[in-house]
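Peer 1: Have a look at this one.
The values are calculated or read from the model by the stated rules, or taken from the named source; none is laboratory data. Owing to the predicted nature of the structure, the values given are computational and were not obtained by experimental measurement. Here Cβ is always computed from backbone atoms with ideal geometry, including for glycine, and neighbour counts include all displayed protein chains.
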């Protein structure tokens, strides 16, 4: 996806970009993940094309919008790609901190609304999966799956962003009805979280359970605004647990996923549960001691999974080694390096190079921003 985007408020004075095809300007209002947005400065022909592509997201009659997206100058094919990206990024920014937002496509059972999220980076197969399998399943989105803590999903049946043969050409924005995709369910619910792993060589489709610790590391780069959520890592682990774990889909052709999709929708494929718990994030604010004092910094979240510690800091997830995790836990309050060494030895036993190993661990924690020193 393109870089950060922001929405203009409806009250903002906007500089009009007049399309070259004709002079009539139109506004189309859409629902992007529950966010009402006005898309402005479209010609008659562009507005008709835009409405057709966004037919499942139109708001009629109009409501009060929370932002405005302006058609940029230039040909409409490229402008249309910009509009889709800006709408998506603007809605994500508006919803940041409220929901778990996966970079994923979603397909659902047309009767129950049970939905599988297919998570992958940009350009690695999400839209192809939606287009290939969506004729028999409900189309939820090809881009972003926005999930409440109770696993209910806010649908985002946007146009599919389809690559053209020329990699320099903008993606075409084709409405889901252009591909006869299934109806978008009124109340989709997340039933399974999957990671797409497309292979270039011919490979039969298979499922590989992903342990919770590995799932956290693979999922977090494909989440939007996780750090803005209240205990985002805790919420993510809970959601994974509630969905029966994460499965990796290994495949070469999207059509082959059709054979395993029914079991995924029903939640029949489950990953062995991991032991995990939230970490206490308290930082003691008492006065620092003199000398080589150390104390952990304030971070956004932390969990322990099967004995490994994962911290969310500066919007990135950091996995600590055993010694680093112990140092971080012991440094809730200001502590001298000497006292820290004594406590580490008590916890895990002595070692001929204990002091040197501790120095290395401290330096790694300092450089990662999870420990501070006087």
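Peer 1: Restrict the check to the range 59-76 and report whether at least one residue is crowded, with 16+ Cβ neighbours inside 10 Å, assigned to a helix (DSSP H, G or I), touching a residue at least 12 places away in the same chain (Cβ under 8 Å) and not assigned by TED's automatic domain parsing to the domain that holds residue 197.
Peer 2: yes
Peer 1: Whether any residue in the range 50-63 is farther than 24 Å from residue 153 by Cβ, at pLDDT below 95 and over 25 Å from the mean Cα position of the chain (by Cα) is what I want to check.
Peer 2: yes
Peer 1: Name the residues in the range 6-49 that are modelled with pLDDT of 95 or more, out of contact with any strand residue (DSSP E or B) (no Cβ under 6 Å at 6 or more places or on another chain) and surrounded by fewer than 15 Cβ atoms within 10 Å (Cβ to Cβ), would you?
Peer 2: Matches in the range 6-49: 44, 45, 48.
Peer 1: Only one of 90, 106 is under 15 Å from the mean Cα position of the chain (by Cα) and in the same structural domain as residue 242 (by TED's automatic domain parsing); which? Before you say what the answer is, go through the steps one by one.
Peer 2: Values: 90 fails: in the same structural domain as residue 242 (by TED's automatic domain parsing).
The match here is 106.
Peer 1: Return the residues of the range 157-184 that are part of a loop (DSSP other than H, G, I, E, B) and over 22 Å from the mean Cα position of the chain (by Cα); say none if nothing qualifies.
Peer 2: Taking the range 157-184 first, the residues part of a loop (DSSP other than H, G, I, E, B) are 157-159, 163-171, 175, 180-181, 183-184.
Within the range 157-184, 164, 165, 166, 167, 168, 169, 170, 175, 180, 181, 183 meet the criteria.
Peer 1: Do any helices (runs of 4 or more DSSP H) entirely within the range 212-329 hold 2 or more residues that are assigned by TED's automatic domain parsing to the domain that holds residue 124, in contact with a strand residue (DSSP E or B) (Cβ under 6 Å, 6 or more places away or on another chain) and at pLDDT 95 or above, and if so, which? Walk me through how you get there before you give the answer.
Peer 2: Numbers: elements: 212-219, 232-242, 261-266.
Qualifying helices (runs of 4 or more DSSP H): 212-219, 232-242.
Peer 1: Let me ask you something else. Any residue at all in the range 357-365 that is in a strand (DSSP E or B) and touching a helix residue (DSSP H, G or I) at 6+ places or on another chain (Cβ under 7 Å)?
Peer 2: Of the residues in the range 357-365, the ones in a strand (DSSP E or B) are none.
Checked the range 357-365: no residue is in a strand (DSSP E or B) and touching a helix residue (DSSP H, G or I) at 6+ places or on another chain (Cβ under 7 Å).
Peer 1: Does any residue in the range 218-238 that is at positive phi and buried (at least 17 other Cβ atoms within 10 Å of the Cβ) come within less than 8 Å, Cβ to Cβ, of a residue that is assigned to a helix (DSSP H, G or I) and modelled with pLDDT of 95 or more six or more places away or on a different chain, and which pairs are these?
Peer 2: 225/92; 225/93; 225/95
Peer 1: Can you name every residue in the range 173-203 that is surrounded by fewer than 15 Cβ atoms within 10 Å (Cβ to Cβ) and touching a strand residue (DSSP E or B) at 6+ places or on another chain (Cβ under 8 Å)?
Peer 2: Across the range 173-203, the qualifying residues are 183, 187, 199, 203.
Peer 1: Mind listing just one residue for me: the one in the range 157-171 that is buried (at least 24 other Cβ atoms within 10 Å of the Cβ) and touching a residue at least 40 places away in the same chain (Cβ under 8 Å) and, of those, nearest to residue 115 (Cα to Cα)? Quick ask: steps written out before the conclusion?
Peer 2: Quick first cut of the range 157-171, residues buried (at least 24 other Cβ atoms within 10 Å of the Cβ) only: 157-160.
Restricting the remaining residues to those that are touching a residue at least 40 places away in the same chain (Cβ under 8 Å) gives 157-159.
Working: 157: 13, 158: 16, 159: 19 Å.
Checked the range 157-171; the qualifying residue nearest to residue 115 (Cα to Cα) is 157.
Peer 1: Is it fair to say residue 341 is farther than 30 Å from residue 238 by Cα and part of a strand (DSSP E or B)?
Peer 2: Details: farther than 30 Å from residue 238 by Cα: yes; part of a strand (DSSP E or B): no.
So residue 341 does not fit the description; no.
Peer 1: Okay, moving on. Can you name every residue in the range 185-211 that is without any contact (Cβ under 8 Å) to a residue 60 or more places away in the chain, in a loop (DSSP other than H, G, I, E, B) and either under 30 Å from residue 305 (Cα atoms) or not assigned by TED's automatic domain parsing to the domain that holds residue 118 (or both)?
Peer 2: The answer is 199, 205.
Peer 1: State all residues of the range 135-156 that are buried (at least 23 other Cβ atoms within 10 Å of the Cβ) and over 17 Å from the mean Cα position of the chain (by Cα); if no residue qualifies, say none.
Peer 2: Pass one, the range 135-156, residues buried (at least 23 other Cβ atoms within 10 Å of the Cβ): 137-147, 153, 155-156.
Correct list: 137, 138, 139.
Peer 1: Suppose the filter is closer than 30 Å to residue 266 by Cα, modelled with pLDDT of 95 or more and surrounded by fewer than 20 Cβ atoms within 10 Å (Cβ to Cβ); does residue 97 pass it?
Peer 2: Answer is yes for this residue.
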